[in-house]
Amino acid sequence: DWTMAQFRDAKIADIREQVGDGKVICGLSGGVDSAVAAVLIHEAIGDQLTCVFVDHGLMRMNEAEQVVTLFRDHYNIPLVHVDAEDMFLSGLAGLTDPEKKRKFIGGAFIDLFEAEAKKIGGADFLAQGTLYPDVIESVSFTGGPSVTIKSHHNVGGLPERMNMKLVEPLRELFKDEVRDLGRELGLPDVFVGRHPFPGPGLAIRIPGEVTKERCDILRKADAIYLEEIRNAGLYDAIWQAFAVLLPVRTVGVMGDSRTYDNVCALRAVTSTDGMTADVYPYDSHFLSSCATRIVNEVKGINRVVYDYTSKPPGTIEWE
Ligand code: XMP
């Protein structure tokens, strides 16, 4: 597509002009946006770029390995892999308020980037895969007074002390355009087609306190749900699908015994930009088989519900 090729070339020129001979550090989240931003910036400035993958322990099943493999092996882009699970989980301990959780995670990311930047002798720029809808949603809610719906950790001012400027080459783009750009840059289709995944990861899919045990339970349920979606050939028809772990226990029966375990909610929406969304209309057989598998295979969950809320009034993520 010639328009995307032109956009790519123009952005490469912009990045070169903005960065000069400075050093750029780029945070990879595992999602499409930060990956596309990183590959684009790498095309522009090569080894002036250092990519940092902060593994906060809030990733989905096997996701961390996939990211590391893609960048190191497929692209040969140098990647620093920071294992920060303990730091994130200990900081999240006791936090239940959604905004406090988001703010802690955003702040911890900044601290880690700062530490990594120091290790490479200082970086002049921080690159992020911020998209246009992130910018709008973090700024205000259309038609009303200025209200922050959710503080996206990848948008907004950096602490003064950081002394780094932002490089955000995707700031004007919507998700479908980022995917086109990713294909233009040669990213594999399976990667480009991945559903969006939020920076704060599973932390915002576990209402209430985030613990390692809850993350492990959620990872298993989510992997089963996504496997069912792929097997049914539905993955590409859905904008985003995921499991949510509710910290609510209900009574059930398995074999001859009573169970008293958590509830898992399944979410799936269609959308073009994430700003509005409709519920994906599964047939009930599909949902029943997901529920059966999750309850049978995941210890800690004994009930599964489906979220039928569109956006608005719901948001896509639960926090
Ligand atoms: P909501 O839940 O606000 O989400 O309807 C809209 C889209 O944005 C994603 N999302 C985030 N992405 N950092 C991100 O990179 C964040 O903090 C964040 N919060 C939500 C969400 O997954 C959906 O695709």
Original post:
Quick one: ASP47 ticks every box in (1) surrounded by 17 or more Cβ atoms within 10 Å (Cβ to Cβ); (2) closer than 23 Å to MET162 by Cα bar one, so which box is it?
Top reply: (1)
**OP:** Could you give me the residue pairs with C-beta distances under 6 Å whose first residue belongs to the stretch 304-316 and is charged (D, E, K, R), whose second residue is part of a strand (DSSP E or B) and more than 9 Å from the ligand (Cβ to nearest atom) wherever it lies, and which are 6+ apart or on separate chains?
**Re:** ASP307/ALA265; ASP307/ARG267
**OP:** Filter the stretch 1-36 down to the residues that are touching a strand residue (DSSP E or B) at 6+ places or on another chain (Cβ under 6 Å) and within 16 Å of the ligand (Cβ to nearest atom), then identify the one that is nearest to LEU166 (Cα to Cα).
**Re:** CYS26
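Do you know which residues across the stretch 301-319 are assigned to a strand (DSSP E or B) and either within 11 Å of the ligand (Cβ to nearest atom) or not hydroxyl-bearing (Ser, Thr, Tyr) (or both)?
If the condition is that a residue be assigned to a strand (DSSP E or B) and either within 11 Å of the ligand (Cβ to nearest atom) or not hydroxyl-bearing (Ser, Thr, Tyr) (or both), then ILE301, ASN302, ARG303, VAL304, VAL305, LYS311 are the ones that fit.
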Subject >> Matching residues in the stretch 32-44 - criterion: being under 14 Å from ARG8 (Cβ atoms) and either without any contact (Cβ under 8 Å) to a residue 60 or more places away in the chain or among the acidic types (Asp, Glu) (or both) >> reply: HIS42, GLU43, ALA44
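Among the residues of the stretch 92-111, which ones are within 26 Å of GLY122 (Cα to Cα) and either more than 16 Å from the ligand (Cβ to nearest atom) or part of a loop (DSSP other than H, G, I, E, B) (or both)? Outline the logic, then answer.
Applying the first criterion (within 26 Å of GLY122 (Cα to Cα)) to the stretch 92-111 yields 103-111.
Within the stretch 92-111, ASP111 is the sole residue that qualifies.
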**OP:** Six or more apart or on different chains, Cβ under 8 Å: which pairs go from a residue in the stretch 272-288 that's part of a loop (DSSP other than H, G, I, E, B) to one that's charged (D, E, K, R) and within 16 Å of the ligand (Cβ to nearest atom)? Could you list them?
**Re:** THR272/LYS175; THR272/ASP176; ASP273/LYS175; ASP273/ASP176; GLY274/LYS175; MET275/GLU137; MET275/LYS311; THR276/LYS311
Original post:
Can you name the number of the only condition in (1) within 24 Å of VAL244 (Cβ to Cβ); (2) among the basic types (Lys, Arg); (3) away from the ligand (no atom under 15 Å from the Cβ) that ARG194 fails?
Top reply: (3)
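So that you can scan it fast, the table gives a plain yes or no per residue for (1) at pLDDT below 95; (2) touching a Leu at 6+ places or on another chain (Cβ under 7 Å):
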{"site": "ALA10", "(1), (2)": "no, no"}
{"site": "ASP21", "(1), (2)": "no, no"}
{"site": "GLY27", "(1), (2)": "yes, no"}
{"site": "GLY31", "(1), (2)": "yes, no"}
{"site": "LEU58", "(1), (2)": "no, yes"}
{"site": "VAL68", "(1), (2)": "yes, yes"}
{"site": "PHE71", "(1), (2)": "yes, yes"}
{"site": "ILE77", "(1), (2)": "yes, no"}
Subject >> Residue check, ALA64 buried (at least 17 other Cβ atoms within 10 Å of the Cβ), under 16 Å from the mean Cα position of the chain (by Cα) and at pLDDT below 95 >> reply: yes
Subject >> The one condition in (1) under 17 Å from the mean Cα position of the chain (by Cα); (2) at pLDDT 90 or above that GLU177 fails to fulfil >> reply: (1)
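Out of TYR260, TYR282, report the one residue that is under 23 Å from ARG214 (Cα atoms), more than 12 Å from the ligand (Cβ to nearest atom), of a type in the set (Phe, Trp, Tyr) and modelled with pLDDT of 95 or more.
Working: TYR282 fails: under 23 Å from ARG214 (Cα atoms).
Exactly one of TYR260, TYR282 is under 23 Å from ARG214 (Cα atoms), more than 12 Å from the ligand (Cβ to nearest atom), of a type in the set (Phe, Trp, Tyr) and modelled with pLDDT of 95 or more, namely TYR260.
Which one is nearest to ASP14 (Cα to Cα), of the residues in the stretch 56-85 that are of a type in the set (D, E, K, R) and more than 16 Å from the ligand (Cβ to nearest atom)? Lay out the reasoning, then the answer.
Residues of the stretch 56-85 that are of a type in the set (D, E, K, R), as a first pass: 60, 63, 65, 72-73, 83, 85.
With more than 16 Å from the ligand (Cβ to nearest atom) added as a condition, the list becomes 65, 72-73, 83, 85.
Numbers: GLU65: 32, ARG72: 26, ASP73: 28, ASP83: 33, GLU85: 36 Å.
Checked the stretch 56-85; the qualifying residue nearest to ASP14 (Cα to Cα) is ARG72.
Return the only residue of MET254, MET164 being surrounded by fewer than 19 Cβ atoms within 10 Å (Cβ to Cβ) and either at pLDDT 95 or above or away from the ligand (no atom under 16 Å from the Cβ) (or both). Let's see the steps before the verdict.
Values: MET164 fails: surrounded by fewer than 19 Cβ atoms within 10 Å (Cβ to Cβ).
None of the other options fit; the residue is MET254.
The values are calculated or read from the model by the stated rules, or taken from the named source; none is laboratory data. Computed from a predicted structure; not experimentally measured. Heads up, the Cβs are rebuilt from the backbone with ideal geometry, glycines too, and the neighbour counts pull from every protein chain shown.
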